[in-house]
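The next block holds one structure in the form of structure tokens; read it before the comments.
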Amino acid sequence: MAMAIEDPINAAALIVAGLKKAGINFVATLPDEKMLEVIRAVETDKELKHVPLCREEEGIGICAGAYLAGKKTAIIMQNAGFLNSCNALTTTSLQFQIPILMLIYYAGDIGDRGFTTLGSVTEPVLQAMGFRSYVLRRQEEIDETLRGAQILADDSKKPVAVLLTKRVLGVK
Amino acid sequence: MQRYDYLKLIADDAKDALSVSTGWASREWWAVRPSDGNLKTRTLGLVSSIAAGLAIALPHRKVIALDGDGAFLMNLCGLPTIAQQNPGNFIHLLFDNEVYEASGGTATASRHADAVILAKGAGYRNAKWVKSLEEFRAAFVRAWQQNELTLIAVKVEPGQPKNLPALKLDEIENKYRFMRYLEATEKKGILNPGFDSKL
């Protein structure tokens with residue numbers, strides 16, 4: 001099997017193209033070092049409205065407001081940021097049945113040093129909240145996964161998570 | 001003066017603005033400005049962020065947030081985000097009664113923390129305290145006409161009039177009516193049943 005190419009700029013272009021093919025047009029972000037190129041690509045894309053955040057939970061609110069007005073929304077954050085957002089995801093997203101596509105960098109994923117505590121709680125918390133989630137490891141699955149996750153979010157009117165790994169982001 | 005006195009005063013001025021409210025203010029606002037363009041939030045703090053999302057997505061529509069001091073203080077990190085987006089159609093009202101009214105009346109930190117200084121520090125170019133009904137209304141009308149992001153803060157006594165009609169909506173009905181109202185007034189489809197989706 002071919003090794004993943006460490007090319008974060010190309011990976012970011014693929015992810016942003018995948019978001020747009022999935023119909024996303026409004027993206028709130030809070031950086032993780034591993035997603036810098038993705039966020040840069042969101043910022044420079046003219047078809048996407050980009051809202052940089054100070055804390056992830058307010059992004060759930062901003063995206064909820066934008067959704068009510070007809071936008072197709074995504075939030076890009078680290079798994080620590082997902083944990084920061086849990087109340088808003090419960091009492092806004094779930095309680096009002098508002099979808100949002102969550103692109104979550106999977107710190108503490110298999111093989112990742114320094115974040116295993118965070119990595120350990122990520123999938124159990126997603127599951128406890130009733131959010132369907134998909135770990136995206138292969139760049140050739142970006143389009144299908146983002147589109148499929150957005151269909152699920154839109155149709156179930158719930159948040160859906162796609163966990164982004166270092167490999168799919170083209171970073172070490 | 002209580003929050004209700006101020007809300008009553010601007011109910012007509014608010015015309016067809018979208019509103020996002022929190023806590024006890026919702027019942028008061030619905031009583032004086034009944035509309036499917038009213039949304040009541042459930043997450044303490046997010047009233048300003050949800051309103052900002054609407055304002056960013058619909059730059060030609062006026063959006064009013066009816067914020068309280070407890071919610072405002074909980075979402076301080078949302079202020080720089082809003083200021084950075086700088087939606088001119090967003091009027092941020094803060095009714096500061098110095099207590100968590102809906103949670104039993106415990107004091108908030110707002111008697112020590114100055115909301116206007118906080119908003120200005122976060123990047124709001126227009127933020128001011130008003131001290132009377134007349135000043136409040138004038139500031140509201142000015143913010144509307146200027147079309148610039150504005151925080152209008154006012155100290156109010158806790159409490160609300162008795163016998164205000166109870167809200168009969170749950171969150172889901174509130175959401176659908178709000179979205180249908182937007183579809184009707186914006187003349188565009190928003191809700192998109194799965195079977196009809198092109199995705």
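Report the relative contact order of the stretch A:76-172, percent, no decimals, based on alpha-carbon pairs under 8 angstrom and at least 6 residues apart.
36 percent
What is the fewest-to-most order of A:155, B:16 by other Cβ atoms lying within 10 Å of their Cβ?
The order, fewest Cβ neighbours first, is B:16, A:155.
Taking Cα atoms of the protein assembly as shown, Rg/Rh with Kirkwood Rh, to two decimals?
Over the Cα atoms of the protein assembly as shown, Rg/Rh equals 0.99.
Using a 10 Å Cβ count of at most 13 others and DSSP loop calls, identify the longest part of chain A lacking such GluC sites (Glu not before Pro).
A:48-172
Return P(r) of the stretch B:1-114 (all Cα-Cα pairs; 5 Å bins starting at 0; whole %; ordered from short to long distances).
2, 12, 24, 24, 20, 13, 4, 0
Taking N as the number of residues in the stretch A:64-112, what value does Rg over Cα atoms divided by 2.2 N^0.38 Å take?
So the Cα radius of gyration is 1.29 times the expected 2.2 N^0.38 Å.
If you count, for every residue in A:42-55, the Cβ atoms of partner chains within 10 Å of its Cβ, what is the mean?
3
Compute the projected area of the convex hull of the Cα atoms of chain A, averaged over all viewing directions, and report it in nm² to one decimal place.
Mean shadow area of the hull around the Cα atoms is 9.0 nm².
Give the value in nm², to one decimal: projected area of the alpha carbon convex hull of the stretch A:90-172, averaged over all directions.
Dividing the Cα hull surface by four gives the mean projection, 5.5 nm².
Counting other C-beta atoms within 10 Å, which of A:116, A:90, B:41 has the fewest, and how do the rest follow?
Fewest-to-most ranking of A:116, A:90, B:41: A:116, A:90, B:41.
Going by how many other beta carbons lie within 10 Å of each one, how would you line up A:50, B:92, B:60, fewest first?
Least to most surrounded, the residues fall as B:60, A:50, B:92.
Of A:107, A:26, A:36, which is farthest on the positive side of the dipole of chain A, counting Cα position, with +1 on Lys and Arg Cβ, -1 on Asp and Glu Cβ, and the Cα centre as origin?
The listed residue farthest towards the positive side: A:26.
Summarise the partner chain shielding of B:36-47 as one whole number: the mean count of Cβ atoms from other chains within 10 Å of each residue's Cβ.
5
Please give the calculated 222 nm ellipticity per residue for chain B, where each DSSP H segment of at least 4 residues contributes -39500 (n - 2.57) and the sum is spread over every residue; nearest 500 deg cm²/dmol?
-11500 deg cm²/dmol
Lysines near residue A:21 by alpha-carbon distance under 16 Å, same-chain residues fewer than 8 away left out - which ones?
Of all the lysines, those that pass the test against residue A:21 - Cα under 16 Å, at least 8 places apart if same chain - are A:46, A:49, A:71, A:72, B:198.
Just the Cα atoms of chain B, one point each, no solvent: what log10 I(q)/I(0) does Debye give at q = 0.12, 0.14, 0.19 Å⁻¹?
Log-scaled intensity ratios, in q order: -0.56, -0.77, -1.44.
For the stretch B:1-41, state what percent of all Cα-Cα pairs lands in each successive 5 Å bin, counting from 0 Å until the bin that includes the largest distance.
6, 27, 37, 24, 6, 0
Output the Cα-based Rg and Dmax of the stretch B:84-183 in Å, rounding Rg to one decimal and Dmax to a whole number.
Computed over the Cα atoms of the stretch B:84-183, radius of gyration and Dmax are 16.3, 43 Å.
Evaluate peptide B:54-61: per residue, the Cβ atoms of other protein chains within 10 Å of its Cβ; return the mean as an integer.
Per residue, the number of nearby Cβ atoms from other chains is 5 on average.
Which percent of Cα pairs goes in each bin when the distances of the stretch A:8-102 are cut into 10 angstrom slices starting at zero?
Cα pair-distance distribution for the stretch A:8-102, in percent: 17, 52, 28, 3.
Each value in this text was obtained by applying a stated rule to the coordinates, not by laboratory testing. None of these values were measured; they are calculated from a predicted model. Don't worry about glycine lacking a Cβ; one is built from the backbone with ideal geometry, like all the others, and counts go over all protein chains shown.
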